[in-house]
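A short write-up of the structure that comes next.
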Amino acid sequence: ERRSIPPTLVITAVGRVTSLDHVVTSDLKAAGNVVLLVGSTRDELRGSHLDAVLGIDGPGDVPAPDPDAAERYRQMHRAITSGLVRSCHDLSEGGLAAAAAEMVIAGRLGLSLTVDGDPVIRLFSESTGRFLVEVAAGDVEAFSTTVAGSVVLGTVTADPVLQISVGSDVITLPVADLVQAWAGHVPGIQP
């Protein structure tokens, strides 16, 4: 069945890459690597993917432009071209929880993260200009020096499980279940 799609604004950025060594993908690369959060997380849930999934117009603000983003992007570019970044995912639609799930799905490795503060804000805020970055354990200091304000959240694990600790709460999701959900087959739910 054919359906029309309303006109949609698409913005594409194209850049010249001088070396394929400077291309970073979002799939996790190796157990033992460290995962850091880059950028500030604020109570910016209004209009978020979480609101859409829950069918509400929840609390918080609409994500505002980040005045520090341009400098952060320059710092990230330096870290990438220096070979410090193994993988990276933006924290946009769905926030940190969605980015972490997509990274484990793509790499088929596990991830153990610890975040503090309000779990809903920390996991689902869509504050702009943020990244989840995988760095080799020996490169954490160099990365933190290059990219100001980065915070260690956890490590990549060989055990294919996404585990996120928020205070005393622990969310544990097998990567196989995430892959099935991503493919449209939610475990325990008949289509």
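Among strands (runs of 3 or more DSSP E) entirely within region 82-191, having at least 2 residues that are closer than 19 Å to Val34 by Cβ and of a type in the set (Ser, Thr, Tyr) singles out 110-115, 151-157.
The condition (being modelled with pLDDT of 95 or more, crowded, with 18+ Cβ neighbours inside 10 Å and among the polar types (S, T, N, Q)) is satisfied by just one residue among Ser87, Ser26, Ser48: Ser87. Taken together, the residues in region 99-116 that are open to solvent by less than 50 Å² (accessible area, probe 1.4 Å) and either farther than 27 Å from Ala183 by Cα or modelled with pLDDT under 95 (or both) amount to 1.
Residues in region 118-149 that are without any contact (Cβ under 8 Å) to a residue 24 or more places away in the chain and either under 22 Å from Asp61 (Cβ atoms) or surrounded by 18 or more Cβ atoms within 10 Å (Cβ to Cβ) (or both): 0 in all.
The one condition from (1) open to solvent by 60 Å² or more (accessible area, probe 1.4 Å); (2) of a type in the set (Ser, Thr, Tyr); (3) touching a Pro at 6+ places or on another chain (Cβ under 6 Å) that Thr172 does not meet is (3).
The values are calculated or read from the model by the stated rules, or taken from the named source; none is laboratory data. Being a predicted model, the structure only gives us computed values, none of them experimental. Here Cβ is always computed from backbone atoms with ideal geometry, including for glycine, and neighbour counts include all displayed protein chains. Note: accessible area is taken over every heavy atom of the protein model, side chains too, but ligands, DNA and RNA are not part of it. Shrake-Rupley method; radii C 1.70, N 1.55, O 1.52, S 1.80 Å.
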